[in-house]
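One structure below.
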Amino acid sequence: MKSEFKPAVYAFVLLVSIVSIGIIGYMIIEGFSFIESFFMTIITVATVGFQEVHPLSDVGRVFTAFLIIFSFGIFAYAVTTFTRYIVDGIFRNYYKDNKVKKRIRKLSNHVIICGYGRNGKQAALNLHDHKEDFVIIEKNESLVQKIREDESLLYIEGDATNEEILEAAKLESARALIATLPNDAENLYIVLTARQLNPDLLIVSRASDDHSVEKLKMAGASNVIMPDKIGGQRMAKLVAEPDLVEFIEYLMLQSHKEVSLEEISCENLAVCFADKSIKELDIRNVSGANI
C-alpha cells in the first residue's frame, strides 16, 4: 500500500468500525432491526439531528451519548481526510498513474529516461520529436506532477536505482536507456543494473567528471556524455568556428522541421536495394535525399 493512502485507509477503517459498533449496540440494547440500527447510527454519527427511530431507553440514551462523543472526532477526521484527497488530486493522480502503467506494459523497443532534470527533459523532447516511444523515471514529486500534466508522456514515479522500478519500465524489452541523474554513483548503479537485466541494451549515461567516464564504460555504458565538457567545447567552437557549429546545430536540432536526418541500417534495406552501390541506387535523383 502506498504511504500516501494510509491516512485514507485508517479513516475508512475507523468510520466502518464506529458504524458497526453503533449498529450492533442498537440491535442488542434497543432490539432495533438492522435497517433501523443503521439509520439511527448514521444520523447519530453524522450529527444531522433527525428524530429518533423509536423512543430510547435510559441505557440506549447513555449508549447514544458515548457514540456521539467517540464518533464526532472520527467522522470529522474521515471527512477532512477524504476532502483533502479530492482537493489535492491524490485520487485523480492514482487513477492516471494506473492508466499510464497499463500503457507502459504494452511497450517494447522503447527508450527509458532516468531523471527528468535539464538533460532528461531535453532528451524527452528530442525523442518525442523523432516519434520514439519512451518512459521517464523520476522520484521528485514536483517534477512528476509536471510530467502528469502532459498527457503524451509515459512515466513511473520512483527511484531509478531500484531494480523493481527499472523492471516496471519494461527494461527487458527496451532498446535503450539514458541515465541523466546528476550523481555519478547513482548513474553507475543504474548502468550496472540495466546491463545485468538486459545485456543487449544501448546505454547512454551522463557523467560529471573525467574519473567517472571510464568507470561507467566498464560498468556497461555504451556511451558516456559530460554535459559541462560538451557545453564548454561548444562555446569555444562558436568563437573559433561559428559558422560550422551553427550549421551542424541546425542539422541536429532542426532535423524534424526543414531538414530530416535519418540513419538506416544496411540490414533493414529493402530487397530491391540490396547488393547495389550508392551510385547505382541514384537516390538523390529519385528522392532528393543525400547520403
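The values are calculated or read from the model by the stated rules, or taken from the named source; none is laboratory data. This one's a predicted model, so the numbers in the text were calculated from it and none came from an experiment. We place every Cβ from the backbone using ideal geometry, glycine too, and count neighbours over all the protein chains shown.
Observations on the structure shown:
- Residue ID - surrounded by the fewest Cβ atoms within 10 Å (Cβ to Cβ), chosen from residues in segment 146-168 that are touching a residue at least 40 places away in the same chain (Cβ under 8 Å) and more than 9 Å from the chain's Cα centre (by Cα): ALA168
- Only one entry in ILE203, ILE190 is outside any helix (DSSP H, G or I) and modelled with pLDDT of 85 or more, namely ILE203.
- Every residue from segment 53-62 that is part of a helix (DSSP H, G or I) and under 17 Å from SER33 (Cα atoms): GLY60
- Screening segment 1-41 for residues that are of a type in the set (Gly, Ala, Ser) and in a helix (DSSP H, G or I) and picking the one that is surrounded by the fewest Cβ atoms within 10 Å (Cβ to Cβ) gives SER3.
- Candidates PHE70, PHE75, PHE134, PHE38 - the one that is in contact with a helix residue (DSSP H, G or I) (Cβ under 7 Å, 6 or more places away or on another chain), modelled with pLDDT of 90 or more and more than 30 Å from ALA168 (Cα to Cα): PHE38
- In this structure, SER142 does not qualify as over 30 Å from PHE5 (Cα atoms) and among the small types (Gly, Ala, Ser).
- Residue match in segment 92-111 (condition: of a type in the set (Phe, Trp, Tyr), exposed (fewer than 15 other Cβ atoms within 10 Å of the Cβ) and under 25 Å from LYS170 (Cβ atoms)): yes
The rows are residues; the columns are (1) closer than 26 Å to GLU167 by Cβ; (2) touching a strand residue (DSSP E or B) at 6+ places or on another chain (Cβ under 6 Å).
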position: LEU67; (1), (2): no, no
position: TYR77; (1), (2): no, no
position: SER108; (1), (2): yes, no
position: GLY117; (1), (2): yes, no
position: ASP129; (1), (2): no, no
position: VAL135; (1), (2): yes, yes
position: VAL144; (1), (2): yes, yes
